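Have a look at the structure below before the remarks.
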Amino acid sequence: MQKNIKKEKEILQKLQINKLNPMQEEAKLAITSYHDVVLLSPTGTGKTLAFLLPIITELKPEITGVQVLIIAPSRELAIQIEQVTRQMGSGFKTNVVYGGRPFSKDKIELQHTPSILIGTPGRIADHLRRGTFATNTIKTLVLDEFDKSLEIGFEQEMKEILSLLPQLEKRILTSATQEAKIPYFVGLRNPIQIDYTTDGVAKLEVKTILSSTKDKLEGLVTLLNHLGNQPGIIFCNYKDSIQRVSDFLYDNNIKHGCFYGGMEQKDRERALIKFRNGTHQIIVATDLAARGIDIPEIQFIIHYHLPLKAQEFTHRNGRTARMNTDGTAYILHYEQEPLPGFIIELDTDSFLADELTQYNQPTVDTWETLFISGGRKDKISKGDIAGLCLKQGQLQRDDIGMIEIKHDCAFIAVKATKVFDLIKRTNNTRLKKKKVRISVI
């Protein structure tokens, strides 16, 4: 027990977290005390840390096989969980597998078996069918956002995965909604439920912005100019609408990124990287961005289209007002169309778009994101990249923003005015022992 407490303190220090929130404390106690736990808490309240912390502190270093299997409904969420695990610095090997990248790459990485394996349902099921790794040491299963996995058609894969885990002892299910139905094949045995779905959104303000035109594009630009330079998400229902909105924003010199299911995985990841590091302050997205992806400190979200269900409305709103911070959800609405019942019940304040005070137009990007062709596998660290930019690139510390390191590459935000000279000084030079290419993405 003392050893686990010490390990927990070390992890929290690495994450620069002083103490867990009440939900995380309760989840930790439940996960260490019960076989099966259902954790319900809004998006952004720290569910990932809530289940990872008690799991990692109980891993056994003498076991060489996979001990924990974590399944997430999207590639972005799976990658995010892996990143949090690495930031915790547990000392246990972690890998993530998902569709959209070569299966052979997974096999190479899994030759040295991880203690924690994270993945999407389809890719995990594929590995289990092929016997890429043994399952007899897997004692803990986490189904993160389990309802979403079933919603998007993974029920058959989930059934198959559960049937291929003979030694399973602990099941942890998470969701951001109370409405989630737990399927029988998960095999829960008298689970304890932790429900914080009524907490965590008290500081969310919802406002309706009335547009005089049906397409609402002019109203959207007016609203963005009213909000000024702060990070937010614009939600659309369809990817075709995203393209139309994106074109209009570019025509009005409002820089932004896009995020939807039809994009290549590489482009989706890069859109999120540029959003996180401030290259883009705004991202236009489908409900794929409504939960489970790592985009902190969102000041507002805009419903350019309202979702069809109240549940998705809640998930979208959960991207702002996170972790005890304020946030606003704006409903952009054509004034001659009726609102759905779940909006009418909110009794929101309404404003005419044409009457909004115009502040500063969202600023032109002050940051650019650079790609570096070396990553963790090349033993490259954030300090190495910063050192290259400061010494050889002749930058000041204020010229450097967020650095993110992946397995085989890295990304760094740099002041836009410094990019040309930096690339000229550092492209095709050596970083550690590797000659790296550096370019703008």
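Nothing in this text is a laboratory measurement; each read-out follows from the coordinates by a stated rule. No experiment lies behind these values; they were computed from the predicted model shown. All Cβ positions, even for glycine, are placed from backbone atoms using ideal geometry, and neighbour counts span all protein chains on display.
Values for this structure:
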read-out	value
Per residue Cα convex hull volume in Å³ - calculated over the range 367-440	68
Centroid-to-centroid separation of the range 117-174 and the range 44-69 [C-alpha atoms, Å]	15
Dimensionless Rg ratio for the range 1-160, taking C-alpha atoms and the 2.2 N^0.38 Å reference	1.02
Among 11-18, 229-236, 47-54, the order from most to least packed when residues are scored by Cβ within 10 Å on average	47-54, 229-236, 11-18
Amide H partners (placed H, <5 Å) of Met402, local residues excluded	Ala413
Selected from Met158, Gly119, Gly131, residue furthest toward positive end of dipole (the range 2-195; charges at beta carbon)	Gly131
Long-range HN-HN contacts of Trp367 with modeled amide H, under 5 Å	Ala416
Highest average packing first - 96-103, 183-190, Cβ atoms within 10 Å	96-103, 183-190
Residue pairs, from the table Lys139/Lys159; Lys274/Lys433; Lys377/Lys418; Lys47/Lys309; Lys382/Lys406, whose Cα atoms sit over 20 Å apart	Lys274/Lys433; Lys377/Lys418; Lys47/Lys309
Interatomic Cα distance distribution for the chain, bins of 20 angstrom, percent	24, 55, 21, 0
Estimated [θ] at 222 nm from DSSP helical runs (n ≥ 4, -39500 (n - 2.57)) normalised by residues in the chain, nearest 500	-9500 deg cm²/dmol
Percent antiparallel among DSSP beta bridges (both partners in the chain, rounded to 5)	25
Hz values of 3J(HN,Hα) by residue in the range 52-64 - Karplus curve (6.51, -1.76, 1.60), Gly and Pro given as x	5, 4, x, 5, 5, 5, 9, 5, 10, x, 6, 8, 8
³J(HN,Hα), Karplus 6.51/-1.76/1.60, whole Hz, each residue of the range 334-341, x for Gly, Pro	5, 5, 9, 9, x, 8, x, x
Selection from Ile233, Tyr330, Gln396 lying farthest towards where the dipole of the chain points positive, charges on Cβ	Gln396
Equivalent ellipsoid semi-axes, the range 204-355, via Cα gyration tensor eigenvalues times 5, rooted, Å	22, 18, 15
Long-range HN-HN contacts of Gly327 with modeled amide H, under 5 Å	Glu205, Ala321
